[in-house]
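The values are calculated or read from the model by the stated rules, or taken from the named source; none is laboratory data. Note that the structure is a prediction, hence the values are computed from the model and not measured. Backbone-built Cβ (ideal geometry, glycine too); neighbour counts: all protein chains shown.
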Amino acid sequence: MSCAQTIADYAFRSLGYGERLLPRSDFTLCQQFTLIGSGMIWNIYFGVLALLAGFVLATAVALGKASPNLALRKLSEWFVFLFRGSPLFIQFFFAYFLFLSLKGAYPFFSPLTSAAYGALVVLFLNTAAYSAEIFHGALQSIPKGDTEAADAYGLSGWARFRRVIWPTMLRLAWPAYTNEAIFLFHATTLVFFAGFPARQQKGDALYYANYFADKTFNPFVPYPILAGYFILLTLVVIGVFGLINRRLNRHLPQEERRKLRLRLQAIR
Amino acid sequence: MNLYYSFGTVLLLLAITAPTALLFGYGGAMATRSGVAPLRWFGKSYIAIVRGVPDIAFFLFFVIALDQGFEYLRHKIKCPDWNEPIRQGSDFVVCTAAKLPLGNAPQWQHETYGFMLAVLTFAIVFGAFAGNVLFGAMRAVPKAQLETAEAYGMTRRQVTRRVLIPQMWVYALPGLSNLWMVLIKATPLLFLLGVEDIVYWARELGGTKTPNFTAYPHGDWRMWYFLGLLVFYLAFTKLSEVVLSRIMARLTHGQATAGGEAQRKAAA
């Protein structure tokens with residue numbers, strides 16, 4: 001079987017299109033590259049959607065944490081503590097079984113027991129909590145002069161937030177937020193190992209890498225392939241976030257416009 | 001009962017891994033600072049590779065890789081006149097004397113061996129993170145301190161031992177405490193390494209029980225077991241947070257940093 005044929009068969013295997021049976025023996029490099037790459041579709045799907053939705057909630061929670069209203073503040077603090085204080089792995093397990101028992105009571109919840117929706121909800125809440133902490137830190141370190149200037153211009157309420165506070169917050173938070181995005185993509189690999197079933201062997205990149213490692217009993221091929229894909233993905237994330245960073249700082253004079261100087265962190 | 005033992009397993013893992021990872025990290029950081037070029041490259045690539053790839057992929061990779069590595073070494077030593085290839089298609093074949101642990105070993109040896117592999121894997125992965133933190137801390141020690149020490153005629157080794165290492169801890173502690181939090185949150189991944197830990201027992205004990213098999217029939221309680229684990233981890237991280245902030249307060253006492261200054265002002 002030629003490599004082009006393999007790609008045609010397995011490129012969208014993780015979504016359920018193409019050849020149904022996974023290769024069982026005589027694994028070629030091409031098969032491993034194609035299937036693991038096919039699994040990356042899931043990682044990107046989880047990462048992008050959770051990041052986009054999490055961004056909105058994170059802004060809200062960060063504002064809630066800084067709010068003068070005691071109830072709102074406590075609520076946001078507990079939300080952040082709950083999701084930052086416990087392992088994501090356990091959160092996945094708990095959420096899966098929670099959805100499972102909810103499904104028994106109300107059929108309305110049945111889509112949430114599949115990885116595509118249930119895990120997305122967990123990842124969304126998790127990244128919202130981590131990003132909220134980052135945004136809250138940025139919110140606290142907005143220069144006093146900026147808000148005073150906004151007051152002097154007579155801006156208040158929504159206009160003040162939209163035109164002064166929010167852009168400054170994003171600017172300050174952006175390097176840390178880039179890190180968070182990278183870790184979120186890494187965290188997506190946990191989904192199929194934590195309760196959520198991979199129906200008909202439609203799994204993510206690590207699921208297929210693990211499949212090959214189990215079948216060939218040789219971890220030295222599939223895992224480096226996976227690593228290569230992830231390093232590529234990380235580079236793309238850094239590139240995209242760098243572009244957004246440039247847009248955020250477009251008002252600065254050319255020489256002050258620093259490139260996104262990432263202090264890549266090992267852990268979040 | 002096994003569930004309670006498995007809490008002990010998690011605590012034991014933390015107790016063994018934390019110092020080992022620190023040792024690995026220390027080695028990595030020293031290698032990165034070394035004057036010998038290959039050693040420096042090794043240190044740098046060790047830290048860089050582990051950072052760029054999801055940690056769970058490493059966990060899955062190293063357990064098999066280390067196992068095969070050990071067996072391969074023993075095979076080379078114990079059976080020098082074995083002339084068949086070790087990788088026969090999808091099989092990894094070594095002579096019986098080289099099996100680790102030996103095929104006729106009692107059960108506890110198998111379990112301990114699995115646990116040791118897990119500890120080593122954790123130490124390698126978290127060692128890279130710790131190496132990153134320690135490397136940053138070593139660079140944060142004011143240069144004047146090291147230059148003064150050299151001016152007193154200390155050798156490079158003496159400077160490292162008497163000046164650099166004692167001073168670095170204050171700078172390293174925030175990073176290391178962060179790392180401790182992440183390590184706590186990574187312990188449920190033990191489940192993936194085949195150790196019977198709390199996640200395993202929560203799944204086993206929580207699953208549906210019927211009167212045929214046990215004296216305590218109950219429905220699907222896995223959700224409640226995982227809720228328990230969630231609370232356990234939340235309490236554990238909260239406790240660590242309190243203890244670490246106490247240590248930090250003790251260490252900053254009298255230091256010429258912003259934290260130390262704030263303490264002095266509060267007292268006055």
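Exactly one residue out of A:Ala149, A:Ala128, A:Ala105 is over 24 Å from A:Tyr177 (Cα atoms), touching a residue at least 12 places away in the same chain (Cβ under 8 Å) and either out of contact with any Pro (no Cβ under 8 Å at 6 or more places or on another chain) or exposed (fewer than 14 other Cβ atoms within 10 Å of the Cβ) (or both), and it is A:Ala149.
Are any residues in the range A:1-24 over 19 Å from A:Thr188 (Cβ atoms) and touching a residue at least 60 places away in the same chain (Cβ under 8 Å), and if so, which ones? Show your work before the answer.
So in the range A:1-24, the residues over 19 Å from A:Thr188 (Cβ atoms) come out as A:1-11, A:17-24.
Scanning the range A:1-24 gives A:Arg20, A:Leu22, A:Arg24.
Evaluation of B:Ile16 against the conditions (1) at pLDDT below 80; (2) more than 14 Å from chain A (Cβ to nearest Cβ) shows that the sole unmet condition is (1).
Consider the range B:31-63. How many of its residues are more than 11 Å from every other protein chain (Cβ to nearest Cβ) and crowded, with 17+ Cβ neighbours inside 10 Å? Give the steps one after another, and end with the answer.
First, pick out the residues of the range B:31-63 that are more than 11 Å from every other protein chain (Cβ to nearest Cβ): B:31-46.
Of the ones still in play, those that are also crowded, with 17+ Cβ neighbours inside 10 Å are B:31-32, B:43, B:46.
Result for the range B:31-63: 4.
Taken over the range B:215-261, the criterion of being part of a helix (DSSP H, G or I), over 29 Å from the mean Cα position of the chain (by Cα) and modelled with pLDDT of 70 or more is satisfied by B:Glu261 alone. Residues in the range A:86-93: is at least one more than 19 Å from B:Phe226 (Cβ to Cβ) and in contact (Cβ under 8 Å) with a residue 24 or more places away in the chain? Checking the range A:86-93: not a single residue is more than 19 Å from B:Phe226 (Cβ to Cβ) and in contact (Cβ under 8 Å) with a residue 24 or more places away in the chain. Annotation note: of A:Val240, A:Val164, A:Val236, the sole residue that is part of a helix (DSSP H, G or I), closer than 24 Å to A:Phe12 by Cβ and away from every other protein chain (no Cβ under 14 Å) is A:Val240. So which of A:Val121, A:Val80 ends up being more than 14 Å from every other protein chain (Cβ to nearest Cβ), under 21 Å from A:Gly54 (Cβ atoms) and of a type in the set (A, V, I, L, M, F, W, C)? Residue meeting the stated conditions: A:Val121. For the range A:38-54, the criterion of being surrounded by fewer than 17 Cβ atoms within 10 Å (Cβ to Cβ), in contact with a Ser or Thr (Cβ under 7 Å, 6 or more places away or on another chain) and either modelled with pLDDT of 90 or more or in a helix (DSSP H, G or I) (or both) is satisfied by no residue at all.
Quick check on B:Ile124: is it modelled with pLDDT of 75 or more and either farther than 30 Å from A:Ala194 by Cβ or surrounded by 13 or more Cβ atoms within 10 Å (Cβ to Cβ) (or both)? Yes: the conditions hold for B:Ile124. Among the residues of this structure, B:Pro166 does not count as one that is at pLDDT below 75, more than 13 Å from every other protein chain (Cβ to nearest Cβ) and loosely packed, with under 12 Cβ neighbours inside 10 Å. Being modelled with pLDDT under 85 and part of a helix (DSSP H, G or I) is the requirement here; does A:Ala150 meet it? Answer is no for this residue. Going by the conditions given, is A:Leu206 modelled with pLDDT of 90 or more and within 22 Å of the chain's Cα centre (by Cα)? Spelling it out, it is not the case that A:Leu206 is modelled with pLDDT of 90 or more and within 22 Å of the chain's Cα centre (by Cα). Among the residues making up the range A:102-143, those that are among the β-branched types (Val, Ile, Thr) and at pLDDT 90 or above are A:Val121, A:Val122, A:Thr127, A:Ile134. Can you spot a residue in the range A:157-180 that is closer than 17 Å to A:Tyr45 by Cβ and either crowded, with 22+ Cβ neighbours inside 10 Å or at pLDDT 80 or above (or both)? There is no residue in the range A:157-180 that is closer than 17 Å to A:Tyr45 by Cβ and either crowded, with 22+ Cβ neighbours inside 10 Å or at pLDDT 80 or above (or both).
A quick yes/no check of all residues on (1) aliphatic (A, V, I, L, M); (2) touching a helix residue (DSSP H, G or I) at 6+ places or on another chain (Cβ under 6 Å); (3) within 9 Å of chain B (Cβ to nearest Cβ):
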{"site": "A:Asn179", "(1), (2), (3)": "no, no, no"}
{"site": "A:Phe185", "(1), (2), (3)": "no, yes, yes"}
{"site": "A:Thr188", "(1), (2), (3)": "no, yes, yes"}
{"site": "A:Gly195", "(1), (2), (3)": "no, yes, yes"}
{"site": "A:Lys202", "(1), (2), (3)": "no, yes, no"}
{"site": "A:Ala209", "(1), (2), (3)": "yes, yes, yes"}
{"site": "A:Lys215", "(1), (2), (3)": "no, no, yes"}
{"site": "A:Phe220", "(1), (2), (3)": "no, no, yes"}
{"site": "A:Pro224", "(1), (2), (3)": "no, no, yes"}
